[in-house]
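As structure tokens, the structure follows; a few thoughts come after it.
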Amino acid sequence: MTELPKAYNPHDVEDRIYKVWEEKGYFRAKPDPKKKPYSIVIPPPNITGILHMGHALNNTIQDILIRFKRMQGFESEWMPGTDHAGIATQNVVEKKLYREGVKRHDLGREKFVAEVWKWREEYGNTIIRQLKKLGCSCDWERTRFTMDEGLSDAVLEVFIRLYGKGLIYKGNYIINWCPRCMTALSDEESQHKDVDGMLYYIKYPVKDPERGGEDHVVVATTRPETMLGDVAVAVNPEDGRYSHIHGKTLILPLLNRELKLVLDPVVDLKFGTGALKVTPAHDPVDFELGRKHDLEQVNVMNDDGTINSNGGEDYVGLDRFEAREAIIEDLKERGLFVKSEPHRHAVGHCYRCHTMVEPRLSPQWFVRMKPLAEPAIKAVETGDIKFYPERWTKVYLDWMYNIRDWCISRQIWWGHRIPVYYCEQCQDEAGPAAGVIVSKTKPAKCPKCGGREIEQDPDVLDTWFSSWLWPFSTLGWPRETPELKYFYPTNALVTAQEIIFFWVARMIMAGMEFMGGIPFRHVYIHGTVRDATGTKMSKSLGNIIDPLDMIKKYGTDALRFSIISITAQGQDVFLSESKFELGRNFANKLWNASRFILMNLKPGEVAADLCVVYDTAELSFADRWILSRFYSTLRSVGKCLDEYKFNEAANAIYEFFWHEFCDWYIEIVKLSIDRKTTQVILYKVLEKSLRMLHPFMPFVTEEIWQKLPREKDHEGDSIMVQPWPHIQEKMISKEIDEKMGRLIELITAIRNMRAVWNIEPQKAIDVVLNVHEAGGSKAISENIEFIKRLARITDLKIGKFPKPKNSAAAVVKDIEAYVPLEGLIDFDKEKARLAKEAAKLTNEMNAISGRLQDENFLSKAPEDVVGKQRERKSELELQIKKLRENLENIAK
RNA sequence: GGGCACUUAGCUCAGUUGGUUAGAGCGCAUGCCUCACAUGCAUGAGGUCAGAGGUUCAACUCCUCUAGUGCCCACCA
């Protein structure tokens, strides 16, 4: 028999084991008509990312699912990959080049993109390597990248199809503009954060030659610099304060531009002064007002957020915030500044660089979302796609019902370039699509006029425009591959909440549109990992607990088990380093228990066909109990995993293995360790427990499993390809569980007396058990040996005995346990102890008595509940009676 | 402004469709290096389940309100 080393050192084994798994091809999956498919796709981490705790949680969950399903006999495909993260990656490489003294624009587009590819070759796979450290059993040979040839083709295909259906259009609208990244962003990429700003009140004079401009309107704004682009002032037609100036013209201060006064009910009478300055090129509301009232659009900003020539000589070239200050100063000088007051409001920020977003008029490409949303809404409403936890359904639907068009063009270089070409000659023609050629490759000449001066649109597509195709583009779409046919739709999507709109919703829309069906059946949304104070972990805050550090310190299995067992379904996780001790200690316990069993196992005894013993009379009470507990645990673990309750599954295993198998069963069988049946049960339960635990702690279970004697029905030479244990329903017995529960209570009570009376652990004691009921008596008399051992009893008398003199007493159900303690007992103390116990029980009994006298309860409660209460009551009566007797005895 | 979640032991959190004695880990106290494990063993202390009301025979669990905390969404400039 191979023995385990005294201590488990994760680092010795993890890399070695992982390599073997990979070499043996256990991670691979391919269409197999004889098996059912189970597939999930990894939420592609971006190539600039490194593994953080959120990834660790996310991927541990997925690996548990995949390993569980693989063991259950599914053809399990877990497809990994990364996305190119257009803006983030471009920023990273740009910064790197800048440090080397090279500017992006000096380099030129082609060379810059080549630099990004170089960077990605070098650093882009960091996260993949880290996922391997985490033990992820991904099908690495199918690793995909959103900029791969196949996936890129899918992106172009989709663009062309949507364009053909009229679902993609170009237009000049207000979009979110990041002046630092110098690109448009989608609504989702602009994250609202509350900002303490100011609300500025400014006088706009009324043009009135006769009265010399004394009359004025005060407007309120949070962004005074945008006044440079003002073309009107709007008031509510109902607003009596302004009825006298209806139809008049106003003068824009500083620039002396004439402003129309427009009347519109969207203006809120209660906000500010009820007068709204209208800047159609810099605000979505004003944009709509401008369209409605046919106003000019004056764009006053450059791409970098500085004021352009439309903003007047005094301000041109100033940054938007510098311009704000300058304008306020100038207004004050002219007596047009009324006041400013603190104003807290939500402002969009770039999700990549956190710069304040500038709403701005800009020609961009959009996807018309309403038609795509309809089938995606239905897929969730009908339950074809289910969210876990269920509450996310509402969040998803609310967003989908109110979906807005998606701005997909980005003014950066790294990404899929928009497959749109413009013919120089045709562009002058009228119509929105004039001169536009949509094509996967650059056409040699214009199909319309034959012109050869053709330029491609300089913009690239939003990264999510490739990610939303992930569930099928990774399987080969638009080609009809066998993989696509077999593995689509996938079974589950595991992801974090912050990505529901970015990714989950859009994948559903893409799946419905291009595959004609859902991309996944279940969406499991896990919680966000936060630090101990509840703040989201992020690099910039420096509150990161690095999973790789934790792996170094505690081991991968410890990391995995810890994070899973403290994460309740969908709840956020508050993490501190000490939490990882939980998993480390459990791995250690598992190791030592296994070591103990292996030390005592005789291979000859356990190599035989083992299932047979379940039916024999050879099984002891304890054997039956541990089997009952094991299968009951196995059953609930399977159920929990199917319901995405990973922590409950992990905790069920923890409780079973540590507190039932180790604390009780192993301790019990130390007496009969050489007995053949004991050997078989120890081996069986350990081996099956390892399999049950393998999805959670893949490395340590493999290492131990490799050292076990082999059964002939083991196929393959790794635990990860063993079948998930079969549940033996007939071995699960509530009755045995309950009986054992009594014995445990009894033994605990005796140990308690030992502790209370300070009896040295080594010192053996005599115990007298007064047993009244035949049933109870049997359970005890059959198990005398282990009761004696576990309570350290020398002489155990069972039967109807009077209370021995000078003895401590405990009452468990219908059993009294007496420990003769000649000379040791402080009678008053023992009396107090018993009295306290009796009082506690009396309290409970009074409550039950009350209930049992209540006619409503008796008539309306189900029978079994009433029955149980009656049972409990008589139990309590007996116990209390005995405790009282003992109290009296002590008095004597 | 709308929505969601959370409030249970000193700390961090579980608690299955309402139904026996509300659990765990850590921490704490006491005693143990008992020949698998001190990353351990044994025993114990500690809870009006945020507050108020309601439904019910029965509420930690369902409903309403209040307070606090956190998150998401949102074009009141």
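Computed quantities for the displayed model
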| read-out | value |
| --- | --- |
| Apportionment of accessible area to carbon and sulfur, chain A, percent (1.4 Å) | 49 percent |
| Label point at A:Lys448 placed 7 Å out along Cα→Cβ; residues across the range A:165-185 whose backbone nitrogen lies under 15 Å | A:170 |
| Computed FRET value (nearest 0.05) for A:Thr481 with A:Arg870, which takes r as the C-beta separation and R₀ as 60 Å | 0.35 |
| Qualifying lysines (Cα of each under 20 Å from Cα of A:Lys831; at least 8 residues distant if same chain) | A:Lys803, A:Lys805, A:Lys813, A:Lys840, A:Lys881, A:Lys882, A:Lys892 |
| Set of lysines with alpha-carbon distance to A:Lys207 below 21 Å, sequence-local pairs under 8 removed | A:Lys248, A:Lys260, A:Lys277, A:Lys332 |
| Ordering of A:730-741, A:501-512 by packing [mean C-beta count within 10 Å, highest first] | A:501-512, A:730-741 |
| Å² of accessible area per residue within the range A:810-892, as computed with a 1.4 Å probe and no ligands counted | 61 Å² |
| Percent RCO, i.e. relative contact order, over the range A:445-529, from Cα pairs under 8 Å lying at least 6 residues apart | 31 percent |
| Net length gained if the chain between A:Lys370 and A:Asp854 were fully extended (0.36 nm per residue, minus Cα distance) | 168.2 nm |
| Near-label residues of the range A:149-164 by backbone N, under 14 Å of a point 7 Å along Cα→Cβ of A:Asp457 | A:155-164 |
| Segment A:Glu100-A:Lys639, length gained on full extension (0.36 nm per residue, minus Cα span) | 188.4 nm |
| Distance between modelled label sites at A:Glu214 and A:Ile50, nm, 7 Å Cα→Cβ extension | 7.0 nm |
| Among A:Asn308, A:Ala234, A:Gly166 the positive-end extreme of the charge dipole of chain A (Cβ point charges) | A:Gly166 |
| Förster-model FRET efficiency, 30 Å R0, A:Asp428 and A:Lys111, C-beta, rounded to 0.05 | 0.35 |
| Segment A:Asp826-A:Ala861, length gained on full extension (0.36 nm per residue, minus Cα span) | 8.0 nm |
| Contact order normalised by residue count of chain A, Cα under 8 Å, 6+ apart, percent | 12 percent |
| Helix-derived mean residue ellipticity, 222 nm - over chain A, DSSP H n ≥ 4, -39500 (n - 2.57), to 500 | -12500 deg cm²/dmol |
| A:His244 versus A:Ala617: modelled label distance in nm, points set 7 Å from Cα along the beta carbon direction | 11.1 nm |
| Dipole in debye (nearest 20) - the range A:90-137, about Cα centre, beta carbon charges: Lys, Arg +1; Asp, Glu -1 | 200 debye |
| Cα centroid separation, the range A:386-404 to the range A:175-194 (Å) | 23 Å |
| Protection proxy ranking of A:403-412, A:552-561 - average other beta-carbon atoms within 10 Å, highest first | A:552-561, A:403-412 |
| Across A:Lys378/A:Lys442; A:Lys133/A:Lys688; A:Lys36/A:Lys688, pairs whose alpha-carbon gap is larger than 29 Å | A:Lys378/A:Lys442 |
| R0 of 35 Å, Cβ-Cβ distance A:Glu844-A:Arg521: FRET efficiency to nearest 0.05 | 0.15 |
| All aspartates and glutamates inside 14 Å of A:Lys797 as judged from Cα atoms, apart from same-chain residues fewer than 8 positions distant | A:Asp766, A:Glu782, A:Glu785, A:Glu816 |
| Mean Cβ neighbour count within 10 Å, used as a protection proxy, ranking A:810-816, A:700-706, A:455-461 highest first | A:700-706, A:810-816, A:455-461 |
| Where labels lie 7 Å past Cα in the beta-carbon direction, separation of A:Phe801 and A:His354 in nm | 7.3 nm |
| Computed magnitude of the charge dipole of the range A:311-436 (debye, nearest 20; Cβ of K, R +1, Cβ of D, E -1) | 720 debye |
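The values are calculated or read from the model by the stated rules, or taken from the named source; none is laboratory data. Owing to the predicted nature of the structure, the values given are computational and were not obtained by experimental measurement. Reconstructed Cβ throughout: ideal geometry from the backbone, glycine too, with neighbour counts over all protein chains shown. Accessible surface areas use protein heavy atoms only, side chains included; no ligands, DNA or RNA. Shrake-Rupley method; radii C 1.70, N 1.55, O 1.52, S 1.80 Å.
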